[in-house]
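Heads up, the thing below is written out as structure tokens.
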Amino acid sequence: MAFSSITFLFYFLPLFLALYYVLPWRNVVILLASLVFYAWGEPRYVPLLLAYILINWVFGLLVARPGLWAGRFLTVGVASNIGLLLWFKYLTFLLTQIAALGIPTLPVADIALPLGISFFTFQGISYLIDIHRGIIAPQRSLLKFAMYKAMFPQLIAGPIVRYAQVARQIDVRPISAWRVRTGMLMLLFGLAQKVLIADSVARTADTVFALPPSELTAATAWAGALCYTIQIFFDFGGYSNMAIGLGHMMGFSFPVNFNRPYAAQSVTEFWRRWHITLSDWFRDYLYIPLGGNRRGSSRTYLNLAVVFLLCGLWHGAAWTFAAWGAWQGTFLALERAGLTTILARIWRPLRHLYLLLAVVFGWVLFRADGLAHAGAFMAAMVGFAAGDPAATPLCSILPASGATALLAGAIICAIPWPTERALRYRIRRWAAAVPISQGALGGPTSMTVVTAALALGGISTLSLANGTYSPFIYFRF
């Protein structure tokens, strides 16, 4: 079940909220609703989700025990999480690559990827490591831990919510009318991001990336790459906003996942703004344990290469994802080696252009069907196109609706909205669980925001009713 579906918006969510606000057993309501939510799309993998819950709960208790065995329990617990991820996500790919080398392997059927397995695997690993580091105490209630692990707003595609970020709210989470209204606004704006912008440009992106290289022109290649650049941000950013909004309606403060990443001035800054919870996870649980930047330049570059190669493979078992991770890691290493100093002396618009080119070409690697396809696509973008512009005119690839959504998305990405500072302030207030006055969103600005959200929500709903729904991109990762 996706957030941007009629079933979720008009049946599941109203029923869930009614039960959640009326019944006193809120954790039970969340857990049962989350299992129904997951079973709606992946009923056969509900036992796998329950296994993840039980494994991490048990090992969390064992890791917290004093003594030499704590480290061993941590190793086994983390290995159990990684082992399940390897089996479901990477085994077929690995055996296929081994067979391609002429080495005989056991025949393995194509294993379907369970929804959200990458996210709740990383969530479980961070839980066990944080217990071992003394950052958190283990959750002794299986019910409460299961509720946290299966919580449906962040279960399928993040943000990656660490236990430490919501530990207090599991027991105490006051809900005010202001917070519910704010959550609803974020839900509606996220829905509009997904339906009105991401889905509109997705048609062009899908059409262009499905073209054979012989039919690609420079114009169509750039149209496809730019549309996918807008699509992936508004698709995943929209999902994250909807998840954060749902969390607020339930009394939880989920971490912010995006902060205008396309407004960055370098790839390093981009990764401080893009998929923040994943970037922070790799920093805290892989980059820093590997030594970070504390063991000399050569080791720092190696650590960056390892982290981003694994970051690429985290998104999928394919060489294109590995290449995308290597692409990102190379730019980060170059910037650390001195490119950042050079960029600082360059005119700001040119720095921004550098970032956008690095990101757009990177997304081509991410989206392409294979390395050969990515190479031909990039070649077309830089002027070595094999297609005939007359045979594939740009107007047939990019309709007016797609062009409008592309332009709107670009404007939204570029403009520093005046409400951003106020929004950050309010997020800090939410995270600290500070009571908010009833007038926190009062005044003309509030009415404008509410009216805009309702209008966008209504238009998005009409679009969904017309059958233009498509699943979120990150469901496949």
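Selection of first residues in segment 220-235 that are farther than 14 Å from residue 362 by Cα and in contact (Cβ under 8 Å) with a residue 40 or more places away in the chain and of second residues that are in a helix (DSSP H, G or I) and not aliphatic (A, V, I, L, M), restricted to Cβ pairs under 7 Å at least 6 apart or on distinct chains, gives the following pairs, ordered by first then second residue: 223/204; 234/193; 234/194; 234/409; 235/194. Do we have any residue at all in segment 149-159 that's under 17 Å from the mean Cα position of the chain (by Cα), over 18 Å from residue 33 (Cα atoms) and in contact (Cβ under 8 Å) with a residue 24 or more places away in the chain? Yes, the conditions are met somewhere in segment 149-159.
Based on what the data block shows, is residue 305 touching a residue at least 12 places away in the same chain (Cβ under 8 Å), assigned to a helix (DSSP H, G or I) and out of contact with any Phe, Trp or Tyr (no Cβ under 8 Å at 6 or more places or on another chain)? Taking the combined requirement at face value, the residue satisfies it. Scanning segment 308-333 for residues being closer than 15 Å to residue 367 by Cβ and not in a helix (DSSP H, G or I) gives a total of 2. Quick check, is residue 265 in contact (Cβ under 8 Å) with a residue 12 or more places away in the chain, surrounded by 24 or more Cβ atoms within 10 Å (Cβ to Cβ) and either more than 30 Å from residue 135 (Cα to Cα) or assigned by TED's automatic domain parsing to the domain that holds residue 153 (or both)? Taking the combined requirement at face value, the residue does not satisfy it. Among the conditions (1) under 18 Å from the mean Cα position of the chain (by Cα); (2) buried (at least 20 other Cβ atoms within 10 Å of the Cβ), the only one that residue 313 does not satisfy is (2). Each residue in segment 352-406 was checked for being closer than 28 Å to residue 322 by Cβ, in a helix (DSSP H, G or I) and not aromatic (Phe, Trp, Tyr), and 22 of them qualify.
The values are calculated or read from the model by the stated rules, or taken from the named source; none is laboratory data. Everything quoted here is computed from the prediction, not taken from an experiment. With ideal geometry, Cβ positions are generated from the backbone for all residues, glycine too; neighbour counts draw on all protein chains shown.
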